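Trainee: Have a look at the structure that comes next, please.
Each reported figure results from applying straightforward, stated rules to the coordinates on display, with no laboratory input. These figures come from a predicted structure and were not determined experimentally. Don't worry about glycine lacking a Cβ; one is built from the backbone with ideal geometry, like all the others, and counts go over all protein chains shown.
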Amino acid sequence: MGLTTYRDALDFENEISPELLQVLQIQSDLNLKDATDSFNQMYVHAMVVNNRNTVQTFENYATTGKDANMKAFAKQMLPILKHHLEGIKMVDMQINSVVK
C-alpha cells in the first residue's frame, strides 16, 4: 500500500503540535497582493545589500589579497559583480516607486 499524501509520509498530525498546525493554516483573509509586494520589496532590498557586500569583498581582495591567483580572479569578476549590483539597484528603485 502506497502513501497518498506528504502528510501521510510524515504522520503529520502526530508529529506537530496543534498550536503549530494552527499557525501553519492559511488564513482566508490574507491579502496576497500586499504580501507579495512586501516580500518582493524586502527580497530585492536584501539582494542589493548582499550584492554591495560582495562587490566590496571582491574590491578589498583585489587590492589587498595575498594569493595572486585569487587577486586576479577578484579583479576579473568585479565588472560582472558591479553590473549585477547596478541591475538590482534599478529593480529596487522600480519596485519602491510602484509599491509606495
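Trainee: Pop a pseudo-label 7 angstrom from the Cα along the beta-carbon direction at both residue 93 and residue 46 and give the gap in nm to one decimal.
Mentor: 2.4
Trainee: Give me a comma-separated list of calculated 3J(HN,Hα) values for segment 37-52, in order, Karplus coefficients 6.51, -1.76, 1.60 applied at θ = phi - 60°, integers in Hz, x for any Gly or Pro.
Mentor: Listing the rounded values in order: 4, 5, 4, 4, 4, 5, 5, 5, 4, 4, 5, 4, 4, 5, 5, 4 Hz.
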